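Colleague: Take this structure, written in structure tokens, and hold onto it; I'll ask about it next.
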Amino acid sequence: MTPHCHNKLSSELEELVKLERPKMTEVVKWAAALGDRSENADYLYGKKRIREIDKRINFLSKRLENAEVIEPASVSSDNIKFGATVTIEEEGEEKVVSIVGIDESDVKSGLISWVSPLGKSLLGKNEGDIASFQTPNGEREIEVIKIEYIDINFE
């Protein structure tokens, strides 16, 4: 993943651990003190929300623990690797896409996952190569026009 994604997921994890979970624990504690828990909506919702938070904390912890952080601007390669910003052409129309991790992909912004059909077809290609990939509407072909390793704009 890119440093941007790592920072974003780390911030989310920290917020869940330091703010969300303690706040929800207090709500559950307060609701439990009211008595009958079987019909106490605050208690039941709070317990459910704590389980959801714990699941997300577990997921983020594992994701960050196993992550390999790659700064795209520090990569030096003539072919397409993770972090590349690639200008592609399909049927006379040029488009710029960046190859990013699963957690940071946003097709509308031109950020495509390295495991998507397009991302997989681009990996390893050089300028001038043709990449083909399968879509629900059939096979598509694109030409690689330009490969750059620059800071990716996530806005």
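The values are calculated or read from the model by the stated rules, or taken from the named source; none is laboratory data. Worth saying up front: this structure is predicted, and the values here are computed from it rather than measured. Cβ coordinates were reconstructed from backbone atoms using ideal geometry, including for glycine residues, and neighbour counts include every protein chain displayed.
Colleague: From (1) part of a helix (DSSP H, G or I); (2) buried (at least 17 other Cβ atoms within 10 Å of the Cβ), pick out the condition that doesn't hold for MET1.
Modeller: Going through (1) part of a helix (DSSP H, G or I); (2) buried (at least 17 other Cβ atoms within 10 Å of the Cβ) one by one, MET1 breaks only (1).
Colleague: Provide a single number: the residues in region 28-72 that are among the hydrophobic types (A, V, I, L, M, F, W, C) and surrounded by 14 or more Cβ atoms within 10 Å (Cβ to Cβ).
Modeller: 11
Colleague: Let me ask something else. Can you list residue pairs whose Cβ atoms sit under 6 Å apart, with the first residue in region 36-48 being assigned by TED's automatic domain parsing to the domain that holds GLU20 and part of a loop (DSSP other than H, G, I, E, B) and the second being of a type outside the set (D, E, K, R) and surrounded by 12 or more Cβ atoms within 10 Å (Cβ to Cβ)? Count only pairs 6 or more apart in sequence or on different chains.
Modeller: Here the result reads ARG37/TYR43; ASN40/ALA31, each pair linking region 36-48 to a residue that is of a type outside the set (D, E, K, R) and surrounded by 12 or more Cβ atoms within 10 Å (Cβ to Cβ).
Here is a yes/no grid of residues against (1) assigned by TED's automatic domain parsing to the domain that holds SER61; (2) within 22 Å of the chain's Cα centre (by Cα); (3) over 15 Å from HIS4 (Cβ atoms):
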site: VAL107; (1), (2), (3): no, yes, yes
site: SER113; (1), (2), (3): no, yes, no
site: LEU118; (1), (2), (3): no, yes, yes
site: SER121; (1), (2), (3): no, yes, yes
site: GLY128; (1), (2), (3): no, no, yes
site: GLU139; (1), (2), (3): no, no, yes
site: ILE142; (1), (2), (3): no, no, yes
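Colleague: Residue under question is GLU20, and the condition is that it be surrounded by 11 or more Cβ atoms within 10 Å (Cβ to Cβ) and part of a helix (DSSP H, G or I); does it hold?
Modeller: Against the criterion (surrounded by 11 or more Cβ atoms within 10 Å (Cβ to Cβ) and part of a helix (DSSP H, G or I)), GLU20 qualifies.
Colleague: Here's a follow-up. Can you confirm whether region 45-67 contains a residue that is over 21 Å from the mean Cα position of the chain (by Cα), under 21 Å from GLU148 (Cβ atoms) and at pLDDT 90 or above? Walk me through how you get there before you give the answer.
Modeller: Taking region 45-67 as the starting set, the residues that turn out to be over 21 Å from the mean Cα position of the chain (by Cα) are 45-51.
Among the residues that remain, those that are also under 21 Å from GLU148 (Cβ atoms) are: none.
No; the residues of region 45-67 include none that is over 21 Å from the mean Cα position of the chain (by Cα), under 21 Å from GLU148 (Cβ atoms) and at pLDDT 90 or above.
Colleague: Is it the case that region 15-31 has a residue that's free of Cβ contacts under 8 Å to residues at least 12 places away in the same chain, of a type in the set (S, T, N, Q), more than 25 Å from SER121 (Cα to Cα) and not assigned by TED's automatic domain parsing to the domain that holds LEU118?
Modeller: Here is the first cut: in region 15-31, the residues free of Cβ contacts under 8 Å to residues at least 12 places away in the same chain are 15, 18-19, 22-23, 26, 29.
Within this subset, residues satisfying the condition of being of a type in the set (S, T, N, Q) are none.
Within region 15-31 (the criterion being free of Cβ contacts under 8 Å to residues at least 12 places away in the same chain, of a type in the set (S, T, N, Q), more than 25 Å from SER121 (Cα to Cα) and not assigned by TED's automatic domain parsing to the domain that holds LEU118), the answer is no, since none of the residues qualifies.
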